[in-house]
Ligand code: 13P
């Protein structure tokens, strides 16, 4: 049984005051939430502050990135050990914004996946096609290429207790969400692909959708059997809207 997983990716947003207020407002309502895993990924500099503000709340913390190295002369980087040390459980990797702005390749992302598994953190592996690739009918091919970068080097077992976030690049921050029934087709395709290697792993893997998720499209998204969760960007910066998305997940998936 897969528990719905709702993660807020704050990206490069916030300050001390916003971290405190947003978390305070989320925590006020968390007692009413059952059966879901809820997480937030603030900027790395605020993770410790966030952990303190969460104060034993069931909300889990994620980082937005990790380095491939564990220590050494890598100025400006943060290691998986360090993230674990400050209480982080999940790490977003392969986000299209890092693929584009930081030139992260499938190979680098596979290395990050591997190091997270080694240290005992849970990767949230982002995959998805650009508008051009979608127009060319290459969505499935792109997703499989991004999954295969890990599958072919680390085997299907590496996907045990991990999360895949399907985020079509063209839908991120644009207000243009993919049609939920289309997302369902793609998620089922991904699960079936993993199923061919290992049924148990395919059945337990969490497949999130990300890209302009709001309180308005959450209901239809969570009505699809293979949409196990959402990775929310902009809408996760408003506690009221994020809580509405969580409540919808709880109602639709219970
Ligand atoms: P938006 O919800 O702002 O489209 O961002 C999605 C995203 O990139 C989450 O990782």
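The values are calculated or read from the model by the stated rules, or taken from the named source; none is laboratory data. Keep in mind that what you see is a predicted model, and the values were worked out from it rather than measured. Neighbour counts run over all protein chains shown; Cβ positions are idealised from the backbone, glycine included.
Identify, from the list 135, 158, 110, the residue that is closer than 16 Å to residue 90 by Cβ, at pLDDT 95 or above and away from the ligand (no atom under 16 Å from the Cβ). Don't jump to the end; show me each part of the working.
Details: 135 fails: closer than 16 Å to residue 90 by Cβ; 110 fails: closer than 16 Å to residue 90 by Cβ.
Sole residue among the options that is closer than 16 Å to residue 90 by Cβ, at pLDDT 95 or above and away from the ligand (no atom under 16 Å from the Cβ): 158.
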### Members of region 120-149 that are closer than 26 Å to residue 8 by Cβ and either free of Cβ contacts under 8 Å to residues at least 12 places away in the same chain or surrounded by fewer than 17 Cβ atoms within 10 Å (Cβ to Cβ) (or both)
120, 131
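In region 75-84, what residues are under 26 Å from residue 169 (Cβ atoms) and not in a helix (DSSP H, G or I)?
Result: 76, 77, 78.
Listed residues 72, 87; which is more than 26 Å from residue 152 (Cβ to Cβ), part of a loop (DSSP other than H, G, I, E, B) and without any contact (Cβ under 8 Å) to a residue 24 or more places away in the chain? Walk me through how you get there before you give the answer.
Numbers: 87 fails: without any contact (Cβ under 8 Å) to a residue 24 or more places away in the chain.
Result: 72 is the single residue among 72, 87 that is more than 26 Å from residue 152 (Cβ to Cβ), part of a loop (DSSP other than H, G, I, E, B) and without any contact (Cβ under 8 Å) to a residue 24 or more places away in the chain.
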### Task
Quickly run through region 227-240 and pick out the residues that are under 23 Å from residue 182 (Cβ atoms), within 11 Å of the ligand (Cβ to nearest atom) and in contact with a strand residue (DSSP E or B) (Cβ under 9 Å, 6 or more places away or on another chain).
230, 231, 232, 233, 235, 236
### Message
Which residue is nearest to the ligand (Cβ to nearest atom), if the candidates are limited to region 1-38 and must be crowded, with 23+ Cβ neighbours inside 10 Å and closer than 15 Å to residue 234 by Cα?
### Response
9
### Any hit, region 191-206, residues being without any contact (Cβ under 8 Å) to a residue 60 or more places away in the chain, surrounded by 15 or more Cβ atoms within 10 Å (Cβ to Cβ) and touching a strand residue (DSSP E or B) at 6+ places or on another chain (Cβ under 6 Å)
no
### Task
With the checklist (1) outside any loop (DSSP other than H, G, I, E, B); (2) surrounded by fewer than 17 Cβ atoms within 10 Å (Cβ to Cβ); (3) away from the ligand (no atom under 14 Å from the Cβ) in hand, flag the one item residue 117 doesn't pass.
(2)
### Query
If the Cβ limit is 9 Å and pairs must be 6+ apart or interchain, which residue in region 213-225 that is farther than 19 Å from residue 240 by Cβ and in contact (Cβ under 8 Å) with a residue 12 or more places away in the chain pairs with which residue that is more than 11 Å from the ligand (Cβ to nearest atom) and part of a loop (DSSP other than H, G, I, E, B)?
220/179
